[in-house]
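The values are calculated or read from the model by the stated rules, or taken from the named source; none is laboratory data. Predicted model, so just to flag it, every value in this text is computed and none were measured. Neighbour counts are summed over all protein chains in view; Cβ atoms, including those assigned to glycine, are modelled from backbone coordinates with ideal geometry.
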């Protein structure tokens with residue numbers, strides 16, 4: 001086939017395509033709904049949810065949502081060639097650095113014994129399993145939306161999408177989790193969310209290829 | 001491109017014809033070992049990528065960086081699929097002079113293979129525009145379809161082509 005003939009065919013194809021953001025708004029609410037229903041059926045909110053959300057423990061929900069926003073913006077920029085991603089990457093880095101220094105600060109105050117005793121609870125395994133499970137439908141919808149983009153670095157886009165799904169799942173899970181110690185929440189939630197980022201980074205090159 | 005994303009077929013046609021000679025130069029400069037037909041295959045792959053990803057260009061951003069990024073990614077990808085590594089900087093596109101259109105037919109082979117794998121009617125619709133110079137309405141009348149059905153069939157056929165080509169080079 002001649003290139004000119006191909007061009008004529010391409011030009012004649014004027015059906016609009018769904019953009020990344022259109023796909024996001026279509027799929028993400030459904031996926032979040034699915035996870036929320038699963039959460040209500042199998043986990044359910046903690047009994048003292050009202051008190052908890054009025055205290056410092058609300059950060060367990062708020063910080064993951066900040067992460068969702070920042071990683072979502074980054075994934076969006078990375079899926080659109082020509083958009084600058086540096087600022088968004090830096091914002092995500094600042095959040096990560098902030099969380100890491102908060103962890104270091106608490107650790108310095110309470111020592112390693114504090115850390116091991118905070119993590120010596122069955123809640124740790126529950127957290128590390130629940131967040132990925134709750135994140136799966138969300139990760140699926142995020143990848144479906146991002147696959148409409150043109151990822152030049154699919155591994156990075158996948159990782160950012162994984163962070164986004166992990167953050168949303170962590171925010172949902174935090175409504176159940178009754179462990180409020182910073183030495184539990186920071187490492188456990190971070191590890192669970194990073195599992196998702198890892199899955200995203202592995203799946204990215206395969207699923208976001210174009 | 002803005003007009004193209006809003007469905008202006010004529011403006012889109014003009015744009016694709018305008019960028020093709022530049023893309024051809026870049027591809028040929030790097031693919032001397034592929035022969036003119038092999039280069040044309042790569043070029044057609046790049047054009048298909050630009051087409052299927054055209055909505056990832058943000059209307060408030062300049063077009064060139066987007067275009068070059070898509071093209072560069074696809075050229076490197078296409079050469080890699082053919083077992084070659086190419087180094088390609090964005091500047092290569094900006095510096096390239098449009099290729100002189102010689103008397104040789106700007107023909108690619110891969111496309112015919114893929115069209116052969118397509119349903120005959122879908123392949124005919126894809127061919128109708130360039131080969132016969134038809135409009136959607138004329139194709140619809142000839143094939144006794146509605147214009148909308150031709151549009152949908154063309155859209156699906158192009159999607160299938162992209163998928164088949166990807167499978168072909170893997």
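Starting from residues that are surrounded by fewer than 20 Cβ atoms within 10 Å (Cβ to Cβ) and either away from chain A (no Cβ under 11 Å) or in contact with a strand residue (DSSP E or B) (Cβ under 8 Å, 6 or more places away or on another chain) (or both), keep the ones in segment B:148-168 and report whichever is modelled with the lowest pLDDT. Spell out how you get there, then give the answer.
Taking segment B:148-168 first, the residues surrounded by fewer than 20 Cβ atoms within 10 Å (Cβ to Cβ) are B:148-149, B:151-152, B:155-156, B:159-160, B:162-164, B:166-168.
So of that shortlist, the ones also either away from chain A (no Cβ under 11 Å) or in contact with a strand residue (DSSP E or B) (Cβ under 8 Å, 6 or more places away or on another chain) (or both) come out as B:149, B:160, B:164, B:167-168.
Values: B:149: 89, B:160: 89, B:164: 86, B:167: 78, B:168: 73.
So the residue we want is B:168.
Taking the criterion of being within 14 Å of chain B (Cβ to nearest Cβ) and not in a loop (DSSP other than H, G, I, E, B), would at least one residue in segment A:61-75 satisfy it?
Filtering segment A:61-75 for residues within 14 Å of chain B (Cβ to nearest Cβ) gives A:73, A:75.
Of the ones still in play, those that are also not in a loop (DSSP other than H, G, I, E, B) are A:73, A:75.
Yes, the conditions are met somewhere in segment A:61-75.
Pick from A:35, A:21: which is within 14 Å of chain B (Cβ to nearest Cβ) and under 17 Å from the mean Cα position of the chain (by Cα)? Steps first, answer last, please.
Working: A:35 fails: within 14 Å of chain B (Cβ to nearest Cβ).
Result of the check over A:35, A:21: A:21.
Give the residues of segment B:137-170 that are part of a loop (DSSP other than H, G, I, E, B), in contact with a helix residue (DSSP H, G or I) (Cβ under 8 Å, 6 or more places away or on another chain) and free of Cβ contacts under 8 Å to residues at least 24 places away in the same chain, sorted by residue number.
B:145, B:146
Spot the failing condition for residue A:43; the list is (1) within 14 Å of chain B (Cβ to nearest Cβ); (2) over 25 Å from residue A:157 (Cα atoms); (3) in contact (Cβ under 8 Å) with a residue 12 or more places away in the chain, and only one is missed.
(1)
Condition (residue is more than 15 Å from the chain's Cα centre (by Cα), closer than 20 Å to residue A:93 by Cα and crowded, with 22+ Cβ neighbours inside 10 Å) applied to segment A:151-159: is it met by at least one residue? Steps first, please.
Applying the first criterion (more than 15 Å from the chain's Cα centre (by Cα)) to segment A:151-159 yields A:151-154.
Going one step further and asking which of them are closer than 20 Å to residue A:93 by Cα, we end up with A:153-154.
Checking which are crowded, with 22+ Cβ neighbours inside 10 Å leaves us with A:154.
Yes; the residues of segment A:151-159 include at least one that is more than 15 Å from the chain's Cα centre (by Cα), closer than 20 Å to residue A:93 by Cα and crowded, with 22+ Cβ neighbours inside 10 Å.
Exactly one of these conditions fails for residue B:7: (1) facing another protein chain (nearest Cβ under 8 Å); (2) under 19 Å from residue B:113 (Cβ atoms); (3) outside any helix (DSSP H, G or I). Give me its number.
Among (1) facing another protein chain (nearest Cβ under 8 Å); (2) under 19 Å from residue B:113 (Cβ atoms); (3) outside any helix (DSSP H, G or I), residue B:7 violates only (2).
Residues A:103, A:24: which one is touching a helix residue (DSSP H, G or I) at 6+ places or on another chain (Cβ under 7 Å) and within 21 Å of residue A:194 (Cβ to Cβ)? Give the derivation first.
On the way: A:24 fails: within 21 Å of residue A:194 (Cβ to Cβ).
None of the others qualify; the one that does is A:103.
Is it true that residue A:16 is away from chain B (no Cβ under 12 Å), loosely packed, with under 13 Cβ neighbours inside 10 Å and not in a helix (DSSP H, G or I)? Spell out how you get there, then give the answer.
Numbers: away from chain B (no Cβ under 12 Å): no; loosely packed, with under 13 Cβ neighbours inside 10 Å: yes; not in a helix (DSSP H, G or I): yes.
Answer is no for this residue.
Would you check if residue A:29 is part of a loop (DSSP other than H, G, I, E, B), more than 10 Å from chain B (Cβ to nearest Cβ) and out of contact with any strand residue (DSSP E or B) (no Cβ under 9 Å at 6 or more places or on another chain)? Working first, answer last.
Details: part of a loop (DSSP other than H, G, I, E, B): no; more than 10 Å from chain B (Cβ to nearest Cβ): yes; out of contact with any strand residue (DSSP E or B) (no Cβ under 9 Å at 6 or more places or on another chain): yes.
Answer is no for this residue.
Restrict the check to segment A:52-60 and report whether at least one residue is out of contact with any helix residue (DSSP H, G or I) (no Cβ under 6 Å at 6 or more places or on another chain), more than 20 Å from residue A:152 (Cβ to Cβ) and assigned to a loop (DSSP other than H, G, I, E, B). Even if it seems obvious, please write down each step before you answer.
Looking only at segment A:52-60, we keep the residues that are out of contact with any helix residue (DSSP H, G or I) (no Cβ under 6 Å at 6 or more places or on another chain), and these are A:52-59.
Imposing the further condition that a residue be more than 20 Å from residue A:152 (Cβ to Cβ) reduces the set to A:52-59.
Filter again for assigned to a loop (DSSP other than H, G, I, E, B), leaving A:54-55.
Within segment A:52-60 (the criterion being out of contact with any helix residue (DSSP H, G or I) (no Cβ under 6 Å at 6 or more places or on another chain), more than 20 Å from residue A:152 (Cβ to Cβ) and assigned to a loop (DSSP other than H, G, I, E, B)), the answer is yes, since at least one residue qualifies.
Could you go through segment A:118-127 and let me know if any residue there is closer than 30 Å to residue A:80 by Cα and either part of a helix (DSSP H, G or I) or within 15 Å of the chain's Cα centre (by Cα) (or both).
Going through segment A:118-127, the residues closer than 30 Å to residue A:80 by Cα turn out to be none.
No; the residues of segment A:118-127 include none that is closer than 30 Å to residue A:80 by Cα and either part of a helix (DSSP H, G or I) or within 15 Å of the chain's Cα centre (by Cα) (or both).
Pick from B:74, B:53: which is more than 19 Å from residue A:18 (Cα to Cα) and facing another protein chain (nearest Cβ under 9 Å)? Write out each step before concluding.
Values: B:53 fails: more than 19 Å from residue A:18 (Cα to Cα).
Within the list B:74, B:53, the selection yields B:74.
Go through segment B:104-136 and give me each residue that's in a helix (DSSP H, G or I), in contact (Cβ under 8 Å) with a residue 40 or more places away in the chain and more than 7 Å from every other protein chain (Cβ to nearest Cβ).
Here is the first cut: in segment B:104-136, the residues in a helix (DSSP H, G or I) are B:110-117, B:120-131, B:136.
From the residues that got through so far, the ones that are in contact (Cβ under 8 Å) with a residue 40 or more places away in the chain too are B:110-111, B:113-115, B:117.
Correct list: B:110, B:113, B:114, B:117.
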